[in-house]
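The next block holds one structure in the form of structure tokens; read it before the comments.
The values are calculated or read from the model by the stated rules, or taken from the named source; none is laboratory data. What you are looking at is a predicted structure, and each value in this text was computed from that prediction instead of being measured. All Cβ positions, glycine included, derive from the backbone under ideal geometry; neighbour counts span all protein chains shown.
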Amino acid sequence: MVRPYSNDLRERAVSAVVQGQSTRAVAEQFGVAVSSVVKWSQRYRQTGSVAPGKMGGHRKRVLEPHRAFIAERMAQTPHLTIHGLKDELVARGVKVSHNAVWEFLRREGLRFKKNTVRP
């Protein structure tokens, strides 16, 4: 991910727009995209600041608080499918996707392969 433009550049561009120049002229003058000038102007009008918003970060893992329940269900019903586990979590009020359940089980090292040949 690239770094955001400096606040100095943003402030100069927005100042030029506020003084009456068109966004296209300002974009050409400062060598940035027209869409950037438009977004900076909108941000300035809405918040009074041209500073960029927060970038990056990590999403909170939704299933961490339900680790004990998942482990218990896996121990009780080893033939439970990912979709079945997802449905049980939804019934408990946890909004979760199939992929989130799969990623959680993978991180925890729980195998979920169904094989009728294996003893």
- Message: Against the conditions (1) surrounded by 13 or more Cβ atoms within 10 Å (Cβ to Cβ); (2) closer than 30 Å to residue 21 by Cα; (3) at pLDDT below 85; (4) not polar (S, T, N, Q), where does residue 52 fall short? Just the number, please.
- Response: (3)
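I'd like to check something: does the range 11-25 contain any residue that is more than 30 Å from residue 97 (Cα to Cα), touching a residue at least 40 places away in the same chain (Cβ under 8 Å) and surrounded by 15 or more Cβ atoms within 10 Å (Cβ to Cβ)? Quick ask: steps written out before the conclusion?
So the first thing to find is which residues in the range 11-25 are more than 30 Å from residue 97 (Cα to Cα), and the list is 11-25.
Next, from what is left, pick out any that are touching a residue at least 40 places away in the same chain (Cβ under 8 Å): none.
Within the range 11-25 (the criterion being more than 30 Å from residue 97 (Cα to Cα), touching a residue at least 40 places away in the same chain (Cβ under 8 Å) and surrounded by 15 or more Cβ atoms within 10 Å (Cβ to Cβ)), the answer is no, since none of the residues qualifies.
Here's the yes/no breakdown for (1) over 19 Å from residue 5 (Cα atoms); (2) not small (Gly, Ala, Ser):
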| site | (1), (2) |
| --- | --- |
| 56 | no, no |
| 64 | yes, yes |
| 87 | yes, yes |
| 94 | yes, yes |
| 103 | yes, yes |
| 109 | yes, no |
- Message: Can you find a residue that is among the β-branched types (Val, Ile, Thr), modelled with pLDDT of 95 or more and on the phi < 0 side of the Ramachandran plot anywhere in the range 5-15?
- Response: yes
- Which residue pairs have Cβ atoms closer than 8 Å, lie 6 or more positions apart in sequence or on different chains, and pair a first residue in the range 95-108 that is within 12 Å of residue 62 (Cα to Cα) and exposed (fewer than 12 other Cβ atoms within 10 Å of the Cβ) with a second residue that is modelled with pLDDT of 90 or more and not polar (S, T, N, Q)? 97/86
- Query: Is it the case that the range 27-36 has a residue that's within 24 Å of the chain's Cα centre (by Cα) and either closer than 27 Å to residue 106 by Cα or surrounded by fewer than 16 Cβ atoms within 10 Å (Cβ to Cβ) (or both)?
  - Reply: yes
- Which condition number in (1) within 22 Å of residue 3 (Cβ to Cβ); (2) surrounded by fewer than 13 Cβ atoms within 10 Å (Cβ to Cβ) is the one that residue 79 fails? (1)
- Item | Members of the range 96-113 that are modelled with pLDDT of 85 or more, assigned to a loop (DSSP other than H, G, I, E, B) and not hydroxyl-bearing (Ser, Thr, Tyr) | 96
- Note on the structure: residue 42 passes all but one of the listed conditions (1) farther than 30 Å from residue 8 by Cα; (2) within 24 Å of the chain's Cα centre (by Cα); the exception is number (1)
